[in-house]
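One structure is given below, encoded as structure tokens.
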Amino acid sequence: MYNLIGSLPPEAYYIMTSFYNIDATALRLGRWLAGEYIFYDNPKGTKETLKDQANQPTTPTNRRRWAIKLKTAIRKSRIIGALTGIPIVALQVADMVRRGRQVIRDKQIDLIVGFSDYGPTMLSVYWLHRLTHLPFRLFMFDIYKGNDFFFPGNLIAPWLEPKLMRQAEMIIVNNEGTRQFYIKRYGDWIVDKIQMVYNSSDPSAYLALQSPYHPAPPYTILFTGSIYWPQIRSLQNLIKAVNQLDDLDIRVKLYAPHSPDYIASYGLSGPRIDISVASPAEMAQIQSRADILFLPLSWGTKSPGIIGTATPGKLTDYLVAGRPILVHAPEWSHLSQYARENNFALVIDQEDTEQLKNGIRKLLTDAPYANQLIENAKDTFQRNHTIASNVARFRSLFGW
């Protein structure tokens with residue numbers, strides 16, 4: 001989304017988001033868009049205020065500290081999520097709708113664009129549309145109804161999604177799997193509303209770091225990004241497989257914006273695991289030094305719809321990093337099917353430790369095979385995931 005919106009003139013858009021829910025890691029390592037930010041939970045807050053906070057060695061404010069602790073607790077406990085869900089969602093929606101109406105009036109807004117979340121944004125877009133009669137469009141990074149939300153998001157989505165789909169002027173998705181999912185769910189009337197813009201990234205930093213693939217011990221299997229329920233079980237499978245490969249010196253490196261305690265609580269710890277965090281600017285170098293790039297989606301989740309339709313954002317970086325990709329995801333997932341169709345990754349689509357061990361060994365020891373996957377990945381990136389082609393597509397959808 002940063003790449004798409006960042007291509008627009010700063011005066012063409014406003015970003016409404018939370019002031020207090022931006023955690024310390026994001027403040028320190030994240031990138032800001034050039035347009036104006038409007039914080040629904042702090043009308044006096046500015047982007048400059050948060051930039052100053054990121055550059056000062058101060059502790060978080062009480063409200064931000066509370067928000068961070070609450071988010072962590074909700075991720076770990078569905079009971080806490082259920083108990084706090086209604087007041088959290090109600091307060092966020094009230095703030096967003098109140099502030100959104102002011103912004104629409106004062107800034108003379110012509111169009112609302114909502115990005116899929118667990119409920120507050122979707123509800124706010126719906127009510128702002130009802131109250132102001134402005135048209136709206138949805139950008140769906142994930143499916144909404146059928147996602148594994150905590151209460152009350154899991155009850156709101158089945159009621160709200162059909163209304164949003166009917167009333168939205170346009171629905172943007174980021175892969176063919178999600179497009180087909182919604183056509184199957186709602187029928188032919190939705191076909192013309194759904195437009196596709198692939199996830200994209202800037203390959204320049206990766207291309208400057210390209211080097212021949214010659215893996216040597218100690219080998220590195222790398223995962224970068226957030227760790228939560230869609231990945232946890234597959235990551236646990238990876239750790240199990242690596243621990244059984246006694247004859248290979250392998251390290252699993254996890255670059256994730258979480259505390260080591262949070263990651264370890266899911267069993268992702270041990271002598272062969274390194275946990276760290278890095279900024280987006282450092283990712284090209286980190287990924288280009290790996291021996292295997294690991295891309296997981298899990299079995300046995302409460303939201304098979306998400307697993308079936310997701311294409312993780314990191315995929316676009318992996319495709320151009322010049323290192324072989326190992327996909328560990330169910331055979332019916334769009335990710336596994338997309339990887340097989342384009343032959344850009346070794347796909348282990350069964351939850352089988354022996355298959356996973358054999359796949360790791362093959363990538364580390366069969367250089368011609370690994371290099372063919374690397375070339376196919378680059379071709380897939382150029383065909384579908386360049387910033388230039390997707391920015392052009394995105395801008396055309398909005399008449400820019």
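The values are calculated or read from the model by the stated rules, or taken from the named source; none is laboratory data. Note that the structure is predicted; figures quoted are calculated from it, not measured. Cβ atoms come from the backbone with ideal geometry, glycine included; neighbour counts cover every protein chain shown. We work out accessible area using only protein heavy atoms, side chains counted, and drop any ligands, DNA or RNA first. Shrake-Rupley method; radii C 1.70, N 1.55, O 1.52, S 1.80 Å.
Anyone know which of P257, P312, P280 comes out most mobile in the 10 Å Cα GNM of the chain? So, out of P257, P312, P280, the one fluctuating most is P280.
Dividing the helix sum by the residues of the chain, where each DSSP H run of 4 or more adds -39500 (n - 2.57), gives a mean residue ellipticity at 222 nm of -15000 deg cm²/dmol. Rounded to the nearest 10 degrees, the angle from helix 353-365 to the longest Cα principal axis of the chain is 70 degrees. Taking all protein chains into account, the per residue accessible area for segment 309-384 stands at 37 Å² (1.4 Å probe). Computed on the chain, with alpha-carbon pairs under 8 angstrom and 6+ residues apart, the relative contact order is 13 percent. Largest GNM mean-square fluctuation across L319, L207, L131, computed for the chain with C-alpha springs under 10 Å, falls on L131. Each residue of segment 223-236 is assigned a 3J(HN,Hα), and the resulting list reads 10, 10, x, 5, 10, 8, 4, x, 10, 4, 5, 5, 5, 4 Hz, derived from the Karplus form 6.51 cos²θ - 1.76 cosθ + 1.60 (θ = phi - 60°), x at Gly and Pro. Surface composition of segment 242-295: carbon plus sulfur atoms hold 47% of the accessible area, using a 1.4 angstrom probe and ignoring ligands, DNA and RNA. Within the shell defined by Cβ-Cβ distances under 14 Å, the residues around F344 carry a net charge of +1, with Lys and Arg each +1 and Asp and Glu each -1.
If you line up the long axis of helix 176-186 against the longest principal axis of the chain, both from Cα atoms, how many degrees apart are they, to the nearest 10? Value to nearest ten degrees: 50.
So, for segment 104-177, what is the accessible surface per residue at a probe of 1.4 Å, expressed in square angstrom?
Spelled out: the 1.4 Å probe surface of segment 104-177, per residue, equals 42 Å².
Strictly over 31 Å apart at the Cα level, which of K302/K357; K184/K240; K47/K184; K107/K163; K184/K253 would you flag in this model? Among K302/K357; K184/K240; K47/K184; K107/K163; K184/K253, the Cα-Cα distance tops 31 Å for K184/K240; K47/K184; K184/K253. With only Cα atoms counted, segment 264-351 has Rg and Dmax values of 13.9, 36 Å. Solvent exposure of segment 194-269, expressed per residue, is 43 Å² of accessible area, with all protein chains present and a 1.4 angstrom probe. Between the Cα long axis of helix 153-167 and the first principal axis of the chain there is an angle of about 70°, rounded to the nearest 10. Sorting 340-350, 35-45 by average packing, meaning the other beta carbons within 10 Å per residue, from highest down gives 340-350, 35-45.
For a quick protection proxy, order the peptides 218-229, 240-251, 119-130 by their average other-Cβ count within 10 Å, most packed first.
On the way: 218-229: 18.4, 240-251: 15.0, 119-130: 20.7.
Sorting 218-229, 240-251, 119-130 by mean packing, highest first, produces 119-130, 218-229, 240-251.
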